[in-house]
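Below is one structure, written out as structure tokens, with a few remarks after it.
Quick note: the coordinates plus some simple rules give every number you see, no bench work behind them. As the structure is a prediction and not an experimental result, all values here were calculated from the model. Because the Cβ atoms are built from the backbone with ideal geometry, glycine has one as well, and the counts that use them run over all protein chains shown.
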Amino acid sequence: MAKKVKVGIWGLGRAGAGMHTPEIGVHSDKLEIVAACDIDADRAKAYGEKHNVKVYTDPEEFLKDGNMELVAVATRSLDHLRHTRQAMEAGYAAIIEKPLAPSRKDAEILVELNKKYPGKLFCRQNRRFEPCFQHVREIINSGLLGKIHTIKLQRNNFSRRDDWQTLRANGGGQLCNWGPHLIDHALQFLNYEVESVWSKLSLIAALGDAEDCVKICIKGKNGCLVDIEIFDGNALSTNVYEVYGTRGALSSTDEKDIKLRYVEPSYKLIKTPVNNGQPDGFIFADNAQIPWRRETIMTDPELKVNMNSFYGCVADSLLEGKAFPIKLEEALAVLEICDIVRSQTPGFEVPSANQ
């Protein structure tokens, strides 16, 4: 029987039980859950019975289990750093859920842990494996749309959310929830070369005191602007992706397909002299002659990854020594943008991490 990575899940809420557990199940040939921990005794007991694994309510006893090799830290936001440190110091590799930390300064401990335990720390920027994100990147890199000047990333709805993640005291808010994913996407599009950041945080529909609407405009050194919207106060649906270039554009509403309108690749957009005389009505340059092409394609990137690929990459790193595709410095760059955003809208600060 091939060796499997033995996993312990710390925190059995929406992330631990609802996301990590089924994703690990997809890779049952490489990973198996052997233990779990939650301070809620009833929740821990129910999880243990359902998945036939040993469960704990005492974190210290959990970390003494000894049968684990990898701990997935899926506890509350402000505990991510402390629990990751405890797991790694107990001898385990660790997955740290987002947000990694409330600030880049808080996350300095991750730099130290990464040096002390090389190859054992995995940052969960798992939405980098979304097929639509990968396909959009491939289209951009193909040059089909020309030079890209604007990219819009939007996750909008209307939600009167009332759970613990709406409270600043818990490190809540959409900047810490959806924010790390879309900022990670933006930085990938900009190759981490940021010139400036403009942002605004606001509270519209949620019932806590943390922001539920996030607007961030990140300008890259190449002149491209990535416009991020995460609005829980928007009652109208919007596209998830919009990309605009000098030769065309694309959009995706539900990430299942991508709509494109672009200039026939063989057609040259030649710069001609500007007419400074009397205009010829609404006839401009070669507007009427441009051979536009339209198509809708199913989302199907050449790189065959999806949201379940995160755990596959973790397993391949631990079992085969393959390079993990999410670098710590990339995840920390997301926190640096979050720091700038919080500084630009006072009143939405969150506490430092529990370390």
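Assuming 0.36 nm per residue, please report the length gained on full extension of the stretch residue 319 to residue 141 beyond their Cα-Cα distance. Here the segment from residue 319 to residue 141 would lengthen by 60.9 nm. Estimated purely from DSSP H runs of n ≥ 4, each contributing -39500 (n - 2.57), the mean residue ellipticity at 222 nm for the chain is -8000 deg cm²/dmol once divided by its residues.
Placing +1 on the Cβ of every Lys and Arg and -1 on the Cβ of every Asp and Glu, with no other charges, gives the stretch 131-298 a dipole of roughly 460 debye about its Cα centre. Length gained on full extension, residue 202 to residue 327: 41.9 nm, using 0.36 nm per residue less the C-alpha separation. Value of Rg to Rh for the chain, rounded to two decimals, is 1.04; Kirkwood radius and Rg both from alpha-carbon coordinates. Dipole of the stretch 214-355 computed with +1 at Lys/Arg Cβ and -1 at Asp/Glu Cβ about the Cα centre; of 246, 314, 345, farthest Cα towards the positive end is 246.
Rounded to the nearest 10 degrees, the angle from helix 80-89 to the longest Cα principal axis of the chain is 50 degrees. Across the stretch 29-39, computed HN-Hα scalar couplings (Karplus, 6.51 cos²θ - 1.76 cosθ + 1.60, θ = phi - 60°) run 7, 10, 9, 8, 7, 10, 7, 8, 9, 8, 6 Hz from first to last residue, x flagging Gly and Pro. Think of each Lys and Arg Cβ as +1 and each Asp and Glu Cβ as -1; about the Cα centre, that makes the dipole of the stretch 273-332 roughly 80 debye. By DSSP, the beta bridges lying fully in the chain are antiparallel in about 60 percent of cases.
Rounded to the nearest 10 degrees, what's the angle between the helix 131-142 long axis and the longest principal axis of the chain, both from Cα atoms, 0 to 90? Taking the Cα atoms of the chain, the angle to 131-142 is about 40 degrees.
The C-alpha atoms of the chain define a longest principal axis, and helix 179-189 lies at about 50 degrees to it. Ordering 19, 68, 88 from the fewest to the most neighbouring beta carbons within 10 Å gives 19, 88, 68. By the count of neighbouring beta-carbon atoms within 10 Å, fewest first, 117, 56 end up ordered 117, 56. Springs join every pair of Cα atoms under 10 Å in this Gaussian network model of the chain, and among 17, 90, 101 the largest mean-square fluctuation is at 90. Across the stretch 249-261, computed HN-Hα scalar couplings (Karplus, 6.51 cos²θ - 1.76 cosθ + 1.60, θ = phi - 60°) run 8, 9, 8, 9, 8, 10, 6, 7, 9, 10, 9, 10, 9 Hz from first to last residue, x flagging Gly and Pro. Other residues within the sphere of radius under 13 Å centred on the Cβ of residue 266, judged by their own Cβ, net out at +2 (K and R +1, D and E -1). Here the residues 303, 201, ranked from fewest to most Cβ neighbours within 10 Å of their Cβ, fall in the order 303, 201. In order along the stretch 324-334, the phi-based Karplus estimate (6.51 cos²θ - 1.76 cosθ + 1.60, θ = phi - 60°) of 3J(HN,Hα) comes to 6, x, 9, 7, 4, 5, 6, 5, 5, 5, 4 Hz; Gly and Pro are listed as x.
Here's the picture: charge each Lys and Arg Cβ at +1 and each Asp and Glu Cβ at -1 in the stretch 131-298, and of 172, 278, 236 the one pushed furthest to the positive end of that dipole is 278.
Amide H contacts for residue 348 (H built 1.01 Å from N in the peptide plane; partners 5 or more residues away or on another chain; cut-off under 5 Å): none found.
Cross-link check: pairs 147/271; 4/54; 64/98 evaluated at a Cα-Cα cut-off of 19 Å; pairs beyond the cut-off: 64/98.
First select every other residue whose beta carbon is under 13 angstrom from the beta carbon of residue 332; then total the charges, Lys and Arg +1, Asp and Glu -1. Residues near residue 332 contribute -4 overall.
Extension gain, residue 284 to residue 150: 0.36 nm times the residue separation minus the Cα-Cα distance gives 45.9 nm.
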